[in-house]
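Colleague: Handing you this structure, nothing more for now.
Each reported figure results from applying straightforward, stated rules to the coordinates on display, with no laboratory input. No experiment lies behind these values; they were computed from the predicted model shown. For neighbour counting, all protein chains shown are included, and Cβ atoms are generated from backbone atoms with ideal geometry for every residue, glycine included.
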Amino acid sequence: MLIDLKNITLEKDGHRLLDDVEFHVDEGEFIYIIGKVGAGKSSLLKTIYGELPLKNGEATVLDYNLCRMKRRRLPELRKQMGMVFQDFQLLRDRTVQANLDFVLRATGWKKRKERSSRIEEVLTLVGMQDKAAKYPHELSGGEQQRAAIARALLNTPKIILADEPTGNLDQDTGNGIVAILKEVCTKGTAVVMVTHNLNLLQNYPGIVYRMDEGKLQEVTKEYNTPFELA
């Protein structure tokens with residue numbers, strides 16, 4: 001079990017968002033989280049990432065106990081996770097290559113040759129190998145998001161947390177981004193994706209959780225109805 005949350009209460013700025021959360025993620029699972037704006041979807045991702053503290057319940061992520069873990073150990077946990085955001089969050093004054101190299105150096109990669117090789121690998125995975133020398137402003141929104149996914153893949157994460165990764169993209173480009181994430185998932189990486197785009201749930205089926213009125217509930221059967229021959 002990569003993520004195991006039991007009886008968790010989520011709060012933000014003193015406001016209770018979710019009660020009695022049960023949420024589990026295993027290797028190779030593709031999970032959608034849906035719900036209204038303000039329901040707590042992004043806060044759940046931040047909790048898994050160790051950004052929002054927990055006050056009760058049990059929470060284990062990649063064998064780290066979030067309720068007891070010292071803050072100094074957070075980088076160890078986060079190195080095993082990748083984050084993909086709606087607004088890309090690329091460094092605007094650096095090329096794609098430099099953006100990725102910055103992350104590798106920050107996470108302990110000392111040898112330039114090894115960094116260059118890894119950057120080439122992940123850019124090839126997302127079809128961006130010919131864009132390494134481009135700056136973010138020279139890329140389309142879809143290309144920036146693919147670069148962001150490449151960044152998330154650098155340290156071969158066991159989990160990718162994606163917060164509305166298609167929110168700023170047109171439908172076709174967004175579908176391409178989800179297709180990349182689904183491909184990553186087939187190699188064993190779990191993907192947890194917050195989305196408002198319910199069409200994705202039909203086109204790229206996965207496990208579906210819905211946040212509503214302070215509760216988190218699995219509703220996969222509502223969206224992944226098997227096709228039956230007449």
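Colleague: I need the P(r) histogram for region 148-230: all alpha carbon pairs, bin width 10 Å from 0 out to the longest distance, whole percents.
Modeller: Answer for region 148-230: a P(r) of 15, 46, 32, 7, 1 percent.
Colleague: Moving on to the next point. Could you pull out every residue, at least 5 positions away or on a different chain, whose amide H is within less than 5 Å of the one on V219? Hs are placed 1.01 Å off N in the peptide plane, and Pro or chain starts have none.
Modeller: HN-HN under 5 Å from V219: V208, Y209, R210.
Colleague: Taking only Cα atoms and a 10 Å spring cutoff, compute GNM fluctuations for the chain and point out the largest among A162, A132, A148.
Modeller: A132
Colleague: What are the GluC sites (Glu not before Pro) within region 125-223 that DSSP puts in a loop, where the Cβ has at most 10 other Cβ atoms within 10 Å?
Modeller: Taking region 125-223 and a limit of 10 other Cβ atoms within 10 Å, the loop GluC sites (Glu not before Pro) found are E213.
Colleague: Hand me the trypsin sites (Lys or Arg not before Pro) from region 1-57 located in a DSSP loop with no more than 16 other Cβ atoms within 10 Å, in residue order please.
Modeller: Qualifying residues, ordered by number: K36, K55.
Colleague: Sticking with this one: Once you sort the root eigenvalues of the Cα gyration tensor of region 100-158 as a ≥ b ≥ c, which label holds: rounded (a/c under 1.5), prolate (a/b larger than b/c) or oblate (the other case)?
Modeller: prolate
Colleague: Can you list residues from other chains, or at least 5 along the same chain, whose modelled amide H is less than 5 Å from the amide H of K134?
Modeller: Close amide H contacts, sequence-distant or interchain: V96, Q97.
Colleague: What are the ³J(HN,Hα) couplings of region 188-204, residue after residue, when phi is run through the Karplus curve with 6.51, -1.76, 1.60 and θ = phi - 60°? Round to Hz, x for glycine and proline.
Modeller: 3J(HN,Hα) across region 188-204, in whole Hz: x, 6, 7, 10, 10, 10, 7, 8, 9, 8, 6, 4, 4, 5, 7, 6, 9.
Colleague: Then there's this: Work out from phi, with θ = phi - 60° and the Karplus expression 6.51 cos²θ - 1.76 cosθ + 1.60, the ³J(HN,Hα) of each residue of region 9-14, listed in order in whole Hz, and give x for Gly and Pro.
Modeller: Listing the rounded values in order: 10, 9, 10, 9, 6, x Hz.
Colleague: Identify the trypsin sites (Lys or Arg not before Pro) of region 87-158 meeting these criteria: DSSP loop state and at most 14 other C-beta atoms within 10 Å of the C-beta.
Modeller: R92, R94, K110, K111
Colleague: Along the Cα→Cβ direction, 7 angstrom out, place labels at Q129 and K12. What is the inter-label distance in nm?
Modeller: Placing both labels 7 Å along Cα→Cβ, they lie 3.9 nm apart.
Colleague: May I pose another question? Please state the relative contact order of the chain as a whole percent: Cα pairs under 8 Å, 6+ residues apart?
Modeller: Contact order relative to length: 28 percent.
Colleague: In whole Hz and in residue order, list the ³J(HN,Hα) couplings for region 35-43 that follow from phi through the Karplus curve 6.51 cos²θ - 1.76 cosθ + 1.60, θ = phi - 60°; x for Gly and Pro.
Modeller: x, 5, 4, x, 6, x, 4, 5, 5
Colleague: Let me ask another. Give me the percent of DSSP beta bridges within the chain that run antiparallel, rounded to the nearest 5.
Modeller: Given both bridge residues lie in the chain, the antiparallel proportion sits at roughly 45 percent.
Colleague: Shifting gears a bit: Can you list residues whose amide H is under 5 Å from M193's amide H, if they're 5+ apart or on another chain and H is modeled 1.01 Å from N?
Modeller: It is I31, Y32, I33, A162, by chain and number.
Colleague: Next up: Against the empirical 2.2 N^0.38 Å scaling, what ratio does the C-alpha Rg of the chain come to?
Modeller: In units of the globular-protein estimate, the chain measures up at 1.03.
Colleague: Per 0.36 nm of contour for each residue apart, how much would the distance between D87 and Q171 grow if the chain were fully extended, relative to their Cα-Cα spacing?
Modeller: Net length gain for the segment: 28.6 nm.
Colleague: Tell me, what are the semi-axes, in whole angstrom and largest first, of the equivalent ellipsoid of region 3-110 as set by the roots of 5 times the Cα gyration tensor eigenvalues?
Modeller: 27, 18, 14
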